[in-house]
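The values are calculated or read from the model by the stated rules, or taken from the named source; none is laboratory data. Remember, predicted model here, so these are calculated numbers, not experimental data. Positions of Cβ are backbone-derived with ideal geometry, glycine not excepted, and every protein chain shown enters the neighbour counts. Surface areas here come from the heavy atoms of the whole protein model, side chains and all, with no ligands, DNA or RNA. Shrake-Rupley method; radii C 1.70, N 1.55, O 1.52, S 1.80 Å.
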Amino acid sequence: MKLNERSVAHYATCDSPADHAGFLRKRVERHHHPAHHHGASYQRRWFVLKGNLLFYFEERESREPVGLVVLEGCTVELCEAAEEFAFAIRFDDAGARAYVLVADGQAAMEAWVKALSRASFDYMRLVVRELEKQLEEACKSLAACRKSPQKSSSSSSSGRKRHLSNPALQPLQEKPTTLENGYSTWSSAGCVAGGATCTDHDGGQTKPPPLPPRRRSAAGSATGSPAPGLSPAMLESPVSPETVCFSKLHSWYGQEIAVLRREWQERQKRGHP
Amino acid sequence: AAPASAPLPPGPAVLKKRLVKLVVNFLFYFRTDEAEPIGALLLEHCKITKEEENVFSISFIEEPERKYCFECATEEQCQEWVEALRRASYEFLRRSLIFYRNEIQKMTGKDPLEQYGISEEARFQLGAHRQ
């Protein structure tokens, strides 16, 4: 089966950080004795885990991997091989070969098993979906809190402030750049930025950032109405069920910032004729 | 996974009819009557570009001028594919996770990853994986 090998090799060896790396001994599988452990031989390889891909190289400095294991639909378990610190990657598909790997010690073995068993794309996707839901719920309950009379006086003054704590977030142009795979590696100087790269700037903050602005309540709906000046068709509330996509969430905030800026600028003009 | 359709794969002027299937961060392509894929594209460090009507392309960071072009049956299908493919990389998922984690933490003061026992993992830290 063909693969875009050059791109794969590039991904394996480029300086995007690996999720885990180290030497492991890999059991050599003999086709005629697949389960025959006696007299098995092992090859020492340099293993690099990136995402759901486990690459292995002949040497640490090798420029191309000699193999790749795609970690989907697999289990990682401790192994009763003759070797100590051995573990195996096995696949649901019975016909697929297992990979028996041997670590240098107990700690290394545990670290690898932990890293590999959480490496799948499916697992990540599950976690991301859960977090999306949690964020929705957090926004909803925040909006609900905000509606209560005690909060309104403090919220109205802070509502107009820049609500995303990231100072580097630029207002989006009319057509927000959508996020693409490997976006951060492609970004030119004018990075509008996916949320993750922006929020990196928050790392240095010591106090909790200001809360998102109070939504203008409309008919008691938890999601609020769109900010003025933007057509309802364009906007989806960040907490509505339709906003399941990270890039939509990002562009929603961006649009709101653009509106807030315009309003601020207009007020400035009026205030300073 | 996106629905399988029949966009056409790369090649200078020749377009061949293929069945294309997105599974996690791989795009598999098949001859329409075969069960085994002819090949696959790993969708990491790639750029999905909407080209002319019904057409999108995939190119990779280390060889940006080389485009794998796909022609869809309809423009709507084309948009669906572009959306799906742009979200198909592991790196995209990872960035989404970090984003949501941070937003939830800001709002609630709690780290949502603690319940999964993965809050300490280097791959989920803010500032991780910046290029």
Exceeding the 29 Å Cα-Cα cut-off - candidates B:LYS17/B:LYS47; A:LYS26/B:LYS47; B:LYS16/B:LYS47; A:LYS50/B:LYS17; A:LYS26/B:LYS17; A:LYS2/A:LYS50: A:LYS26/B:LYS47; A:LYS50/B:LYS17; A:LYS26/B:LYS17
Note, ³J(HN,Hα) from phi for region A:71-88, Karplus 6.51, -1.76, 1.60, rounded to Hz, x at Gly and Pro: 8, 10, x, 10, 10, 10, 9, 5, 10, 8, 7, 5, 7, 7, 6, 9, 9, 10
Relative contact order (percent, whole number), region B:19-91, Cα cutoff 8 Å, 6+ residue spacing: 26
Cut-off under 5 Å, modelled amide H: who pairs with A:TYR42 long-range: A:VAL28
Average partner coverage of A:10-17, which counts Cβ from other chains inside 10 Å: 5
Value of relative contact order over region A:5-122, rounded to a whole percent, pairs C-alpha under 8 Å and six or more apart: 23
Among A:100-106, B:41-47, the order from most to least packed when residues are scored by Cβ within 10 Å on average: B:41-47, A:100-106
FRET efficiency, 1/(1 + (r/R0)^6) with R0 25 Å, evaluated for B:LYS50 and B:VAL23 via beta carbons: 0.65
Interface size A-B, as summed buried accessible area [1.4 Å probe, Å², nearest 100]: 5900
Whole-Hz ³J(HN,Hα) from phi, Karplus 6.51 cos²θ - 1.76 cosθ + 1.60, for region B:39-47, glycine and proline x: x, 8, 10, 7, 9, 10, 6, 10, 10
Using alpha-carbon coordinates, inclination of helix B:75-86 to the longest axis of chain B, degrees: 40
Distant alpha-carbon pairs in region A:5-122 (separation over 26 angstrom), percent: 15
Test item: A:118-125 mean partner chain Cβ contacts at 10 Å: 5
Bins of 5 Å, starting at 0 and running to the largest distance - Cα pair percent for chain B: 2, 10, 17, 19, 15, 11, 9, 9, 6, 2, 1, 0
Extended-chain gain in nm, criterion 0.36 nm per residue less alpha-carbon gap, A:GLU64 and A:LYS147: 24.1 nm
Shielding score for B:55-61, defined as the mean number of other chain Cβ atoms within 10 Å: 3
Amide H partners (placed H, <5 Å) of B:GLY39, local residues excluded: A:LYS2, B:TYR29
Under 5 Å, built H, 5+ apart or other chain: amide partners of A:VAL66: A:TYR56, A:PHE57, A:GLU58
Chain B: relative contact order in percent, alpha carbon pairs under 8 Å with at least 6 residues between: 17
Ordering of B:66-72, B:94-100 by burial proxy (mean other Cβ atoms within 10 Å per residue, highest first): B:94-100, B:66-72
A:THR13 accessible area, assembled protein chains, probe 1.4 Å, Å²: 60
Heavy atoms of B:TRP81: accessible area, 1.4 Å probe, square angstrom to 10: 10
J(HN,Hα) series, region B:106-112, from Karplus relation 6.51 cos²θ - 1.76 cosθ + 1.60, nearest Hz, glycine and proline x: 5, 7, 10, x, 10, 8, x
